Amino acid sequence: MLQSMPLFDLLALLWFGALIGAYWLVTRYQPLLNRTIVAAVQRQRERWMRNMALRDNRIVDAQLLGSLSQGNAFFASTSAIAVGGLAAMMGSAEKIQVMLERLPFVAASSAVLMEIKLLLLITIFIFAFFKFAWAFRLSHYAAIMIGSTPILGETSSDACESHALSTAKLIGIAAEHTNAGMRAFYYAIAAMAWFFHAFAFMLVTTWVLLILIRRDFFSRSRRLLAAAKS
């Protein structure tokens, strides 16, 4: 299928893969990761779990975690619906292209290339589904950890501190998968631009990455979270 792809479309696809791959590597580099909104939120999670360990009643904490996990369930089901809809479109790739070409500035495309574009979107949403589904499951494990937190006074403060930090790390892992799933939705927006033109695909991919960089490293919310004392 890739052999039949026009050169400019192939370059656009490689540009997409290179940018999201580079951004993944950047956000995994520890010195840079410590400056992201993800790291700032994780410090607040540790503070939350330490405060939780001091309380005898953890109902509010379980409710907070439950409300957070519901978002993962929603996006997991949304991803599954998107995969089903796109799979149904695979058999009508040629008709879809004819409809799109009625719009201005839409480049001509073969049925094979249209199927490649649909496959890219399907792959992105399958990835998002697995990320959100696993994050939802990890939230259940974190709720069990909250329920098993030892009571201060009956257990040493060091044991309570260790359990609280372990719980915060588990919630942080769930959040990492949620973030990966959310980024996949951003990447899907970039991939949809490919249906119009390969140049639009490259342009929107760059625009999406700039938005993610700003929100992860330079947003006002990151500064507020980082400034909050732990």
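No value in this document is a laboratory result; all are computed from the given coordinates. Predicted model, so just to flag it, every value in this text is computed and none were measured. Methodologically, a virtual Cβ is constructed for each residue, glycine included, from the backbone with ideal geometry; neighbour enumeration extends over all protein chains shown.
Here K131 is the anchor, and the aspartates and glutamates within straight C-alpha reach of less than 12 Å, apart from those fewer than 8 places off in the same chain, are E176.
Can you list the DSSP H helices in the chain whose Cα atoms extend at least 27 Å along the helix axis and whose mean Kyte-Doolittle hydropathy is 0.5 or higher?
Details: long enough: 7-28 (31 Å, 1.53); 59-89 (45 Å, 1.07); 111-147 (54 Å, 1.68); 157-192 (52 Å, 0.34).
Membrane-span-like by this rule: 7-28, 59-89, 111-147.
The stretch between R137 and A108, if pulled fully straight at 0.36 nm per residue, gains 6.1 nm over its current Cα-Cα span.
With a simple spin-label model that places each label point 7 Å from the Cα along the Cα-to-Cβ direction, the separation between Q70 and E161 comes to 3.6 nm.
So what is the 222 nm mean residue ellipticity for the chain from helices alone, if each DSSP H run of at least 4 adds -39500 (n - 2.57) and you divide by all residues, rounding to the nearest 500 deg cm²/dmol? Intermediate results must be reported in sequence, preceding the final value.
Numbers: 9 runs with 179 residues, N = 230.
Computed ellipticity for the chain at 222 nm equals -27000 deg cm²/dmol.
Just order 66-72, 215-221, 40-46, 134-140 by mean Cβ neighbour count inside 10 Å, highest at the front, would you? All intermediate terms of the calculation are to be shown ahead of the outcome.
Values: 66-72: 15.7, 215-221: 13.6, 40-46: 17.9, 134-140: 20.0.
Ranked from most to least packed, the peptides come out as 134-140, 40-46, 66-72, 215-221.
Between F185 and N34, what length comes free when the chain is fully extended (0.36 nm per residue of separation minus the Cα-Cα distance, one decimal in nm)? Walk me through the numbers before you get to the answer.
Working: separation 151, 0.36 × 151 = 54.36 nm, distance 2.38 nm.
Extending this stretch completely gives an extra 52.0 nm.
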